[in-house]
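Beneath this line is the structure, given in structure tokens, with notes to follow.
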Amino acid sequence: MQPMTPAYVLAGIFLAVALYCGIDPFHHSPLYGFPDFIPHVIDVPDWSQVPDVKDAQNQLQKSEIKFLNQVQGPESVTFDPLGRGPYAGVADGRILFWDGESWKDFAYTSSNRSELCNWKPNPASYLKNEHICGRPLGLRFYKKTGDMYIADAYFGLMKVGPEGGLATLLTNEADGVPIGFANDLDIDDEGNVYFSDTSTKYQRRNFIQLVFSGDPTGRLLKYDPVTKETTVLVSGMQFPNGVSLSKDGSFLVFTEGPIGRVRKHWLKGEKAGTTELFAILPGHPDNLRTNEKGEFWVAIHCRRNMYVYLMSRYPMFRKFMLKLPIPASYQYKTYIGGRFHAMVVKYSPEGELLQILEDDQGKVVRAVSEVDEHDGKLWMGSVLMPFIAVYDLASST
């Protein structure tokens with residue numbers, strides 16, 4: 001029997017690897033369990049249109065990390081009409097209130113507070129039971145009543161009174177289609193609630209598959225508190241997320257994560273009911289908030305990179321990569337450029353980029369889901385982190 005040549009050895013290794021990838025015996029592929037996964041083209045802007053401005057001084061590294069391991073995954077951070085707080089929705093389904101000395105339970109979106117919802121070591125540990133315990137994401141107070149409105153990823157749009165407690169459901173469907181992933185919201189002076197339904201196909205616990213699919217079932221919705229009706233303002237979107245009204249209430253802006261842009265939807269005036277581009281972002285956004293000047297702060301998960309650009313343009317290549325037995329956590333790490341990269345950007349009411357603050361090495365802030373300007377400071381929550389970061393705007397150079 002002749003000894004095997006290097007060519008035979010290489011061929012054998014290649015065959016074994018191909019067989020392993022095709023079978024995926026340990027179910028490592030992010031597409032395992034999703035036989036109807038369909039990748040869509042993501043209409044990302046041309047690379048030349050992407051802003052390349054950077055914060056060379058990494059000013060977010062000056063931030064103070066507060067409440068470390070006291071709040072798990074505080075996606076949204078807000079203050080009540082009296083300036084008290086912060087309030088934060090956390091991964092176990094509760095909404096917490098900082099009374100100046102300690103965190104207090106304020107509200108819940110699910111009546112189920114069993115051991116399934118008990119404290120766990122990190123925000124991702126709660127994913128398995130989020131649909132049972134609830135996952136409050138966007139939070140807003142209606143100043144006229146002091147009621148808190150909540151976008152719960154699984155239950156829909158909810159409300160709780162100024163004293164807190166178990167939130168009540170306002171709506172969980174629009175145009176006969178169930179809300180699959182309520183994400184963020186804002187409220188106008190008349191009490192109308194504008195909110196995003198990120199996907200009618202994928203739930204939040206499957207957000208990796210949702211992001212990688214480019215699923216186009218996202219919607220921008222409006223809830224009328226008088227008629228109790230929920231209407232669709234914009235449909236056919238890919239991961240709509242943050243929602244915020246302009247200071248005068250004439251329009252709102254909302255983010256689209258995989259595309260990396262902010263769009264403007266007119267509510268009043270000659271353009272009422274129409275939607276247009278507001279800004280192309282330097283990265284992939286989450287929530288956005290309006291400050292007292294009418295400017296918009298946008299939280300950015302990560303900068304764009306060429307790998308994601310190509311994956312967006314070529315969906316079958318994306319599906320091929322996702323079918324490989326590489327765990328979703330590693331695929332996501334590649335998506336964000338290999339490491340966490342926190343960024344917040346500020347835009348004028350006209351869509352002009354005014355300021356950018358970064359921690360491009362993720363040394364301090366690491367990740368940001370929302371940034372709320374309050375009393376000269378930026379309060380930054382993250383769905384991925386166990387803390388709230390606070391940046392003093394007086395330290396900006």
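The values are calculated or read from the model by the stated rules, or taken from the named source; none is laboratory data. Small disclaimer: the values here were computed from a predicted structure and weren't measured. Quick reminder, even Gly has a Cβ in these numbers, built from the backbone with ideal geometry, and neighbours come from all protein chains shown.
A few comments on the model shown:
- Here segment 273-303 is the region considered, the condition is being touching an Asp or Glu at 6+ places or on another chain (Cβ under 8 Å) and at pLDDT below 95, and the residue that is farthest from residue 256 (Cα to Cα) is 303.
- Remark: pairs (first residue in segment 186-211, of a type outside the set (D, E, K, R); second residue assigned to a helix (DSSP H, G or I); Cβ separation under 7 Å; 6+ apart in sequence or on different chains) = 199/210; 202/209; 202/210; 203/131; 208/328; 208/332.
- Residues in segment 120-151 that are in contact with a helix residue (DSSP H, G or I) (Cβ under 9 Å, 6 or more places away or on another chain) and either over 20 Å from residue 207 (Cβ atoms) or basic (Lys, Arg) (or both): 3 in all.
- Of the residues making up segment 361-377, those that are out of contact with any helix residue (DSSP H, G or I) (no Cβ under 9 Å at 6 or more places or on another chain) and either farther than 22 Å from residue 138 by Cβ or assigned to a loop (DSSP other than H, G, I, E, B) (or both) are 362, 366, 367, 369, 375.
- Flag if residue 318 is among the basic types (Lys, Arg), crowded, with 17+ Cβ neighbours inside 10 Å and out of contact with any strand residue (DSSP E or B) (no Cβ under 6 Å at 6 or more places or on another chain): yes
- Selection from segment 180-214 of residues that are more than 17 Å from residue 150 (Cα to Cα) and of a type in the set (Val, Ile, Thr): 200, 208, 211
- Some residue of segment 105-124 being exposed (fewer than 12 other Cβ atoms within 10 Å of the Cβ) and in contact with a Leu (Cβ under 7 Å, 6 or more places away or on another chain): yes
- Members of segment 236-258 that are more than 21 Å from residue 159 (Cβ to Cβ), of a type in the set (Gly, Ala, Ser) and touching a Ser or Thr at 6+ places or on another chain (Cβ under 8 Å): 236, 246
- Verdict on residue 60 being touching a residue at least 40 places away in the same chain (Cβ under 8 Å) and in a loop (DSSP other than H, G, I, E, B): no
- Hits in segment 146-161 (condition: surrounded by 14 or more Cβ atoms within 10 Å (Cβ to Cβ) and touching a residue at least 24 places away in the same chain (Cβ under 8 Å)): 148, 149, 150, 151, 152, 153, 154, 155, 156, 157, 158, 160
- Residue count for segment 363-397 satisfying the condition of being closer than 20 Å to residue 67 by Cα, surrounded by fewer than 17 Cβ atoms within 10 Å (Cβ to Cβ) and of a type in the set (Gly, Ala, Ser): 1.
- Counting only residues that are within 18 Å of the chain's Cα centre (by Cα), assigned to a loop (DSSP other than H, G, I, E, B) and either among the polar types (S, T, N, Q) or modelled with pLDDT under 95 (or both), segment 73-127 holds 2 of them.
- Qualifying residue in segment 364-371 (condition: under 20 Å from residue 238 (Cα atoms), of a type in the set (S, T, N, Q) and in contact with a Ser or Thr (Cβ under 6 Å, 6 or more places away or on another chain)): yes
- Residue 139 vs. criteria closer than 18 Å to residue 79 by Cα, in a strand (DSSP E or B) and under 17 Å from the mean Cα position of the chain (by Cα): yes
- Pick from segment 204-262, criterion hydroxyl-bearing (Ser, Thr, Tyr) and touching a Pro at 6+ places or on another chain (Cβ under 8 Å), ranking: modelled with the lowest pLDDT: 213
- Of the strands (runs of 3 or more DSSP E) that lie entirely inside segment 229-329, those containing 3 or more residues that are free of Cβ contacts under 8 Å to residues at least 40 places away in the same chain span 230-237.
- Selection status of residue 70, surrounded by 15 or more Cβ atoms within 10 Å (Cβ to Cβ) and not in a loop (DSSP other than H, G, I, E, B): no
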